[in-house]
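First the structure, in the form of structure tokens, and then the observations on it.
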Amino acid sequence: MRVIFLGAPGAGKGTQAVRLAERLRIPHLSTGDMLRAAVAAKTPIGNKAKEVIDRGDLVSDDIVLGIIADRCEEADAQAGFILDGFPRTVAQAEGLDSLLKNKNMKLDAVIEFQVDESKLVGRIVKRAEEMASRGEQVRKDDNPEVFKTRLDAYRVQTAPLSAHYAEKGMLRTVDGMQPIDQVTEAVREILGR
Ligand code: AMP
């Protein structure tokens, strides 16, 4: 099964992707996680992306498309995957379309998590506090200032993807403001598993 999770930063895509990946035994592909790993490892891509991520802007389409193209080649991705945080621009969606076409692969669903944007900053602040209390390193971009830029990037560059997938008849939506378990249930219902 190949699924895309769409939604604003803080909408709960990552939380739900972890759950679904465990249940379906397919990898959870988060370009944000992959980019942060590249930054931590100080790879050439990581070094290039660091500043962009820290200020809340989007990394170039070429970089993320390259990362996803490589990741999709790996053995564990052959049975399917959940894309979280990718695609984030129409160019990325088109790149993904042709990537999948070349591999004779099809998307099964695109699920958009709809949320009340005014509640998102609070979620982000809470996530930062929870990570700190677990002794984990808090994401530099999980602060109200940078969050504004991330939300702007979402509105301008990513929100148009809903229309892209709606036109293809693939877009499904869930109410991301429900409690986590109910969101999981809604995702299960859409996917039928
Ligand atoms: P995330 O963990 O999905 O919130 O992503 C964190 C940051 O990584 C974003 O604010 C972007 O700077 C970068 N990023 C992640 N995925 C993408 C993508 N598909 N396209 C461009 N930039 C991305």
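May I ask you to sort 113, 147 by Cβ crowding, counting other Cβ atoms within 10 Å and putting the fewest first?
Working: 113 23, 147 20.
The fewest-first ordering by Cβ neighbours comes to 147, 113.
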* Structure fact -> Computed over the chain, the convex hull of the Cα set has an average projected area, in nm², of 10.5
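Taking the Cβ of each residue in 97, 61 as the centre, tally the other Cβ atoms inside 10 Å and list the residues starting with the fewest. Don't jump to the answer; show the numbers that get you there.
On the way: 97 14, 61 18.
Taking fewest neighbouring Cβ atoms as first place, the list is 97, 61.
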* How far is it, in nm, from the label point at residue 180 to the one at residue 55 when both lie 7 Å from their Cα along the line to the Cβ? -> 3.4
* Rounded Å value of the spacing that divides the Cα centres of the range 154-193 and the range 56-126 -> 13
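What is the magnitude of the charge dipole of the range 1-126 about its Cα centre, with +1 placed on the Cβ of each Lys and Arg, -1 on the Cβ of each Asp and Glu, and no other charges, expressed in debye to the nearest 20?
On the way: 18 positive and 18 negative charges, 72 e Å.
Using Cβ point charges on Lys, Arg, Asp and Glu, the range 1-126 gives about 340 debye.
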* Förster-model FRET efficiency, 30 Å R0, residue 94 and residue 136, C-beta, rounded to 0.05 -> 0.25
* Amide H to amide H under 5 Å from residue 85: which residues, 5+ apart in sequence or cross-chain, H placed 1.01 Å off N in plane? -> 5
* Within 10 Å of each residue's Cβ, count the other Cβ atoms and sort 119, 106 from fewest upward. => 106, 119
* residue 41 to residue 149: extension gain in nm, 0.36 nm per residue of separation minus the Cα-Cα distance? -> 36.4 nm
* **Computed [θ] at 222 nm, deg cm²/dmol, the chain (DSSP H ≥ 4; -39,500 (n - 2.57); rounded to nearest 500)** => -17000 deg cm²/dmol
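Here, each number is a calculation from the coordinates, and none is a lab measurement. On a predicted model such as this, the values are computed, not experimentally measured, just so you know. When we count neighbours, we look across all protein chains shown, and the Cβ atoms used for this are built from the backbone with ideal geometry, even at glycine.
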